[in-house]
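The values are calculated or read from the model by the stated rules, or taken from the named source; none is laboratory data. The shown structure was predicted, so the numbers you read here are calculated from the model rather than taken from an experiment. Methodologically, a virtual Cβ is constructed for each residue, glycine included, from the backbone with ideal geometry; neighbour enumeration extends over all protein chains shown.
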Amino acid sequence: MYRTEKSEWRRAVVGLTVASVALLGARAARAADVTLGIIGPHEYDLPVDFKPFNVLVQYGDGNAAGHSYNSLGQRTPGGGGHTWSGLTKYVHFRSFDAIPHVGFAFELIQSESYTLANGTNYGGFGPTIVGPAAWFKPNSHSTFGIQTFMQTPVGTRDATSPNYWSNISSLIFDYEWRHFSFDGDVGTVVGSTKHVRGEHSYSPGVVFYSNLRFSWKATRLVEPFFALDWQNVTGTYDRTARQDVAESNSREVALGAGAMFNIAKDVSFTTRYSHSVDGRNIPESNAYYIKFVYLW
C-alpha cells in the first residue's frame, strides 16, 4: 500500500495551514483569493501515535487579476491588481500517551505580502497567526479533525494590517486510496469590530469557505491534483452609521490543477495554478501557488 511506512506518513504531513494572505488584508480592499486556498494534496494526511517532530513550511502565491466580478456576478475589465504573498510557518507535532490515537499540533505563522495596483505599490509583514489542531483516524485510511487559529490585528504598516482580531476555524478531513487521495476542509472566519482612530467602526463580514483537493498517486515522486476552492463573505456593517456597507458581500469559486513533488523523505514541493469560474464583488483569481516543506 502507498504511504504505509512511518517515514512515508511523515513525508505526507505537510498541512494544518491557515488563511491565505489575501484574507489578512483589510476586507475593504476586497482582495481576491479564497481562505485556505494555499493548501495542497495530503494537507491533512496526518498520523497518530507518533514521536514529536517539527515542520517548516514556506507558502507563496501570486495573483494577476486583470478582471473583477460586479454585484451581478458579471466578469468586467479592471478592478484587479497584482499581489504577491507568503506564509512562513513552524509547526510542532506531538501525541500524548494519556490520549491515545489522537494527534496534536501547534502552529506559529508569519504572513508577508506585496501589492501593485492603481498606480501604487506597498508591501511588508502582515499579522501573526497562532493556534492548535487536533485529529483522529476513524480507520487506517482516513483522518478527521479540527483546527482553530487567532490572527493578530496589525502588521508592519497600515496597508498590511486588518485592524481587528479574527478567528479562523475549520473541520479537516482526508481519505487515502491506493492510487488516489481526497482531502480538504470546511470552515469559517469571524472577526471582532474594526476600530481605527478618526474613522467609522466596522463589523467585518463572516467568511464561509471550503477547499477540496483530489490527487492521483502517479508515482512516488509526482502527484498531479485537482483543486476546488469556494468562499462566501457576508456584508460589512458600519457600526457608526448603523447601516450595511453597500456591495461589501462577496463570493468566489475557483478551479485549479497542479502537482506535488516528493523530492525526499522529508522534503516536498507543490505548485498549482487556479482561476475563478464564478464570483461577485471581488477581483478574479488568476493565481499561481507554491509550497516548500521540510520535516525534522
Positions within the stretch 188-202 being buried (at least 22 other Cβ atoms within 10 Å of the Cβ) and among the small types (Gly, Ala, Ser), in sequence order: Gly191
Matching residues, the stretch 140-173, being modelled with pLDDT of 95 or more and over 21 Å from Leu108 (Cβ atoms): His141, Ser142, Thr143, Phe144, Leu171, Phe173
Index of the failed condition, Ser250 passing every other in (1) among the small types (Gly, Ala, Ser); (2) under 20 Å from Ile172 (Cβ atoms); (3) touching a Gly at 6+ places or on another chain (Cβ under 9 Å); (4) in contact (Cβ under 8 Å) with a residue 60 or more places away in the chain: (2)
Unique residue being of a type outside the set (Lys, Arg), touching a residue at least 24 places away in the same chain (Cβ under 8 Å) and farther than 25 Å from Ser113 by Cβ when the list is Leu72, Leu56, Leu36: Leu72
Test for Ser268: is it part of a loop (DSSP other than H, G, I, E, B) and either among the polar types (S, T, N, Q) or within 21 Å of the chain's Cα centre (by Cα) (or both): no
Residues within the stretch 89-129 that are among the polar types (S, T, N, Q), in a strand (DSSP E or B) and over 21 Å from Gly60 (Cα atoms), tallied: 2
Residue within the stretch 95-111 that is under 19 Å from Asp33 (Cα atoms) and small (Gly, Ala, Ser) present: yes
Per-region count, the stretch 65-115, residues aliphatic (A, V, I, L, M) and surrounded by 17 or more Cβ atoms within 10 Å (Cβ to Cβ): 5
Some residue of the stretch 192-211 being in contact with a helix residue (DSSP H, G or I) (Cβ under 7 Å, 6 or more places away or on another chain), farther than 14 Å from Gly37 by Cα, of a type in the set (Gly, Ala, Ser) and in contact (Cβ under 8 Å) with a residue 12 or more places away in the chain: yes
Filter result for Thr83 (hydroxyl-bearing (Ser, Thr, Tyr), over 21 Å from Glu43 (Cβ atoms), without any contact (Cβ under 8 Å) to a residue 60 or more places away in the chain and out of contact with any helix residue (DSSP H, G or I) (no Cβ under 6 Å at 6 or more places or on another chain)): no
Residue satisfying all of: in the stretch 125-157; without any contact (Cβ under 8 Å) to a residue 24 or more places away in the chain and farther than 22 Å from Val206 by Cα; surrounded by the most Cβ atoms within 10 Å (Cβ to Cβ) among these: Pro138
Selection count, the stretch 101-132, where residues are touching a Lys or Arg at 6+ places or on another chain (Cβ under 6 Å) and within 13 Å of Arg157 (Cα to Cα): 1
